[in-house]
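Asks: Below is one structure. I have some questions about it.
The values are calculated or read from the model by the stated rules, or taken from the named source; none is laboratory data. Note that the coordinates shown come from a computational prediction; the quantities given were computed from them, not determined experimentally. For neighbour counting, all protein chains shown are included, and Cβ atoms are generated from backbone atoms with ideal geometry for every residue, glycine included. Surface accessibility is based on the protein's heavy atoms, side chains included, excluding ligands, DNA and RNA. Shrake-Rupley method; radii C 1.70, N 1.55, O 1.52, S 1.80 Å.
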Amino acid sequence: MVSWKAWAGVFTQATDPRVEEFTESVSFDRRLFAEDIRGSIAHAQMLAKVGLLSQQECQQIEQALHEIEEEIRSGRFLFRPELEDIHMHIERALTDRLGDVGRKLHTARSRNDQVATTMRLWVRESIEQIDGLLRHLQEAFVERCERDEQVILPGYTHLRRAQPVLAAHYWLCYCEKFQRDRDRLSDCRRRVNVLPLGSAALAGTTLAIDRDEVACRLGFVDPQTGQPQVSANSLDAVSDRDFLLEFVFDLVLIAEHLSTWAEDWILWSSQEFGFLKLPEAFCTGSSIMPQKRNPDVLELIRAKTARVIGDLQALLVLIKALPLAYNRDLQEDKPPVFDAVDTVRACLEIAIPLIQEAELDAGAISERLEQGYLDATGLMEYLIGRGLPQRTAHERVGRLVRRAMEMGLPLGSLSLEQIQEICPEADQGVFQVLGAQRAVSAMQSYGSTSPAEVRRQIELWKTRLAAETTCLPSDTGQ
């Protein structure tokens with residue numbers, strides 16, 4: 001006796017249990033149940049509209065699918081590996097309830113286009129969730145701008161002190177990075193938001209279905225025009241996983257930006273830097289060293305970035321050289337996508353409160369701010385303003401820094417006469433650019449760490465974040 005399979009008609013032998021165990025995916029794709037049911041309801045409604053189902057049959061199917069969804073949510077639904085995936089579980093449960101009426105649901109569709117549709121619905125929702133978290137992260141950084149408005153930090157290149165920057169300028173840097181991430185997600189969503197359902201196995205269907213109807217019901221519409229967005233080539237629709245690679249690539253960049261932030265804060269919270277006080281609730285201890293307060297949360301954010309990169313790598317290798325159209329290999333696209341989303345979401349959820357609760361040690365930062373000759377570039381540009389060529393000014397300031405280092409003094413503690421020995425073009429106005437505070441205040445260019453420019457940017461970000469609901473188009477589906 002062949003065990004129950006949707007495709008069992010041509011077979012005379014039951015599937016080996018070892019094959020069933022090896023090929024099942026319901027252990028990980030069961031999380032797609034809501035999207036599968038939503039797509040199935042829209043499909044049934046379309047079938048009723050074109051006369052392939054009666055209205056009564058459609059209503060029976062809808063009611064039964066809602067009941068199945070509630071059973072899955074409540075944990076009462078029985079999952080069985082021999083039914084392979086979430087899609088066959090739901091179809092089998094529907095058929096058990098409705099008999100031949102349930103068997104009609106799969107009219108004019110294949111699991112190939114069904115799976116592709118379900119994944120697009122799930123990715124679309126995940127994009128909106130990640131975007132919302134990124135917005136909250138930006139809000140946390142903007143709030144820090146207000147709190148740390150008077151703090152000046154040493155900026156670094158090559159992990160060496162370079163020029164002074166306002167702390168708010170540093171926080172706004174991450175607002176920019178994460179906005180690009182949001183923009184990428186928004187652009188990705190546009191390509192995700194194309195309906196493959198109705199492509200069937202690979203060639204389409206001879207039945208007179210209405211794909212636009214399904215697209216409108218599921219929100220696969222152009223947000224500007226309201227026109228349905230339906231895949232134009234059935235071969236492409238069932239084989240395409242570009243949207244998953246693009247989405248996970250976007251997640252990789254989010255993780256990379258989080259990793260850079262985490263690395264800075266790991267350094268800043270060390271005794272050697274002493275810039276940052278991490279809340280104890282976000283630190284852990286040592287099993288052997290009683291004094292330790294370790295930044296494990298930040299270290300794990302940094303580490304989990306590697307994991308998301310690995311998810312992207314798995315997807316890239318998975319689709320390499322697959323022949324058209326659908327292949328069972330594509331079953332394996334889901335674990336890396338799920339893992340990447342879960343990992344980035346977890347990192348964002350823990351990063352937001354950490355950013356809100358950590359404190360800069362303004363006193364410790366200020367105490368050593370004049371170390372490292374952060375004002376040297378400002379002095380060079382002052383000399384350029386006095387008529388010196390840039391390379392000449394650069395060389396002279398380098399010599400002056402060497403003199404100050406030998407004397408153990410910051411540039412601002414040198415006398416005018418000492419400065420003029422190497423930089424005769426300088427006058428009393430030179431002291432308006434010396435010292436970290438004055439070096440910051442002397443900035444003028446758009447996008448710089450100038451206090452006025454940073455204040456303007458803070459207000460722009462406050463207005464922007466307060467005004468928007470989301471940077472992504474709304475789901476107009478029912």
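Asks: Do the conditions hold for residue 103, that is, is it open to solvent by 30 Å² or more (accessible area, probe 1.4 Å), not in a helix (DSSP H, G or I) and not aromatic (Phe, Trp, Tyr)?
Replies: Spelling it out, it is not the case that residue 103 is open to solvent by 30 Å² or more (accessible area, probe 1.4 Å), not in a helix (DSSP H, G or I) and not aromatic (Phe, Trp, Tyr).
Asks: Could you name every one of the helices (runs of 4 or more DSSP H) located completely within the stretch 356-419 that has at least 2 residues being more than 22 Å from residue 156 (Cβ to Cβ)?
Replies: Helices (runs of 4 or more DSSP H) meeting the threshold: 376-385, 390-407.
Asks: Checking residue 289 against (1) more than 21 Å from the chain's Cα centre (by Cα); (2) surrounded by 15 or more Cβ atoms within 10 Å (Cβ to Cβ); (3) not polar (S, T, N, Q), which single condition isn't satisfied?
Replies: Exception for residue 289: condition (2).
Asks: Only one residue in 306, 340 is of a type outside the set (Ser, Thr, Tyr), more than 24 Å from residue 32 (Cβ to Cβ) and within 17 Å of the chain's Cα centre (by Cα). Which one?
Replies: Within the list 306, 340, the selection yields 306.
Asks: Answer yes or no as to whether residue 351 is within 37 Å of the chain's Cα centre (by Cα), of a type in the set (Gly, Ala, Ser) and open to solvent by 20 Å² or more (accessible area, probe 1.4 Å).
Replies: no
Asks: For the condition among the polar types (S, T, N, Q) and within 30 Å of residue 176 (Cβ to Cβ), what is the one hit in 418, 428, 390?
Replies: Among 418, 428, 390, only 390 is among the polar types (S, T, N, Q) and within 30 Å of residue 176 (Cβ to Cβ).
Asks: Let me ask something else about it. Go through (1) of a type in the set (Gly, Ala, Ser); (2) modelled with pLDDT of 95 or more; (3) farther than 25 Å from residue 125 by Cβ for residue 310 and report which single condition fails.
Replies: (3)
Asks: Determine if the stretch 115-128 includes at least one residue that is on the phi < 0 side of the Ramachandran plot, surrounded by 20 or more Cβ atoms within 10 Å (Cβ to Cβ) and among the charged types (D, E, K, R).
Replies: Scanning the stretch 115-128 turns up at least one residue that is on the phi < 0 side of the Ramachandran plot, surrounded by 20 or more Cβ atoms within 10 Å (Cβ to Cβ) and among the charged types (D, E, K, R).
Asks: Also, quick follow-up: Taking only the stretch 408-442 into account, find how many residues are within 26 Å of residue 168 (Cα to Cα) and open to solvent by 50 Å² or more (accessible area, probe 1.4 Å).
Replies: Adding up the residues that qualify gives 4.
Asks: Further question on the same structure: Do we have any residue at all in the stretch 232-247 that's among the β-branched types (Val, Ile, Thr), free of Cβ contacts under 8 Å to residues at least 40 places away in the same chain and either touching an Asp or Glu at 6+ places or on another chain (Cβ under 8 Å) or more than 30 Å from residue 117 (Cβ to Cβ) (or both)?
Replies: no
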